[in-house]
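Chemist: One structure coming up, written as structure tokens, with questions to follow.
Laboratory data are not the source of any read-out in this text; all were calculated from the coordinates shown. What you see is a predicted model, and the numbers here were worked out from it, not measured in a lab. Every residue, glycine among them, receives a Cβ derived from its backbone with ideal geometry; neighbour counts consider all protein chains shown.
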Amino acid sequence: MNIVQRETFGEIEAFQLGFGPFGRPLMSVYMYWLDGHLIDTGQRNMRQAVMGLLAARKVEGVLLTHHHEDHSGNAAAIRRVHGAGVTGHPQTCRLMESGFSIRPYQFYVWGKADRTEVVPFNRFYEAGRFRFKPIHTPGHSSDHTVYLEESRGWLFSGDLYLGDKIKYFRADEQLAEQIDSLKKVLRFDFDSMLCAHRPCLQNGKMRLQSKLSFLEDFFGNVLAMKQKGYSERAIIRKLSSGQDRLVKWVTLGNASFANMVRSAMKPAQA
């Protein structure tokens, strides 16, 4: 069962894309359209739907929040068919041009992004009537970047948010970096947060503050237990609610609650 749903958020057109060959999608992805420009491109497994949605449109540019395959999956096809330039963080450029490996579950759920040329952004990205300020926010990935439309109070947050309370991390996510990135973004003024998976049209800044508070509390709890002599395994067992069982099984452990604990312990182990 695939999901293709068009939504309008004022001046923003959003497309919700979900891929589920044997039932409802595990997670859908949002692709945003503003004055001929796209922010992220959805997953390759939804390429036919994406290209159909864009067939009658003039795509002038694509802005990527990061290289992950559910965000960059159709960048190459859009660039090839529409001649649109693709822009992103310098590390996004390198990863998209050289290609990057993905795990079997990622291939099954999202599909693999093709290599394509990506140019690094300048201080601002001009998109028709809109101007976006790139803010580098590593933690979820090393190249992760959010885009702020200051005059309208919009934050296109990629995967910086995802939810107030996070239940698991990928093995390559960095908790301390995420905390620093959240603090950086919260210095700016915005209300609407256009998350790539869960848009919040109001009180977006409050939602990010809630996530920051949760991660800081979690970080503090893990380090306090570490200082008391708890082992990594004991901390995981003590704090885990077991809500990550399905995702841990599907990803063969690449995404798990245990990875959150390990990431929190890294500064203490350094």
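Chemist: Please compute the length gained on full extension between Phe107 and Lys167, using 0.36 nm multiplied by the number of residues separating them and subtracting their Cα-Cα distance. All intermediate terms of the calculation are to be shown ahead of the outcome.
Modeler: Working: separation 60, 0.36 × 60 = 21.60 nm, distance 2.22 nm.
That pair, Phe107 and Lys167, stretches by 19.4 nm at full extension.
Chemist: Which residue, Pro199, Pro134, Pro120, tops the fluctuation ranking in a GNM of the chain built on C-alpha contacts under 10 Å?
Modeler: Pro120
Chemist: Moving on to the next point. List the residues, sorted by chain then number, that are 5 or more residues from Gly85 or on another chain and whose placed amide H is less than 5 Å from its amide H.
Modeler: The answer is Val62.
Chemist: Continuing with the same structure: Residue separation times 0.36 nm, minus the C-alpha to C-alpha distance between Glu117 and Ser231: what's the value?
Modeler: 36.5 nm
Chemist: With an 8 Å Cα cut-off and a minimum separation of 6 or more residues, compute the relative contact order for the range 3-218 in percent.
Modeler: Relative contact order here is 15 percent.
Chemist: Hey, which of these cross-link pairs are over 22 Å Cα-Cα: Lys167/Lys266; Lys165/Lys238; Lys184/Lys205; Lys184/Lys238?
Modeler: Lys184/Lys238
Chemist: Hey, which lysines would be in cross-link range of Lys58, C-alpha to C-alpha under 18 Å, not counting anything within fewer than 8 residues on its own chain?
Modeler: Cross-link targets: none qualify.
Chemist: Select one label from [x] 18.5, 62; [y] 20.4, 88; [z] 18.0, 58: the one whose number is Rg and Dmax of the Cα atoms in Å as derived from the coordinates shown.
Modeler: Matching entry in [x] 18.5, 62; [y] 20.4, 88; [z] 18.0, 58: [x].
Chemist: Rounded to the nearest 500, what is the 222 nm mean residue ellipticity of the chain from helices alone, with -39500 (n - 2.57) per DSSP H run of 4+ residues and division by all residues? Show your work: numbers first, answer last.
Modeler: Details: 10 runs with 97 residues, N = 270.
Counting only the DSSP helices, I get -10500 deg cm²/dmol.
Chemist: Then there's this: Between Ser98 and Lys58, what is 0.36 nm times their sequence separation minus the Cα-Cα distance? Round to one decimal in nm.
Modeler: Stretched fully, the Ser98-Lys58 segment lengthens by 11.7 nm.
Chemist: Enumerate the residues in the range 125-139 having an amide nitrogen under 19 Å from the point lying 7 Å beyond the Cα of Leu223 toward its Cβ.
Modeler: Within reach of a label on Leu223, which here means backbone N under 19 Å from a point 7 Å along Cα→Cβ, the range 125-139 contributes 138-139.
Chemist: Still on this structure, please answer the following. Pop a pseudo-label 7 angstrom from the Cα along the beta-carbon direction at both Phe124 and Asn203 and give the gap in nm to one decimal.
Modeler: 3.2
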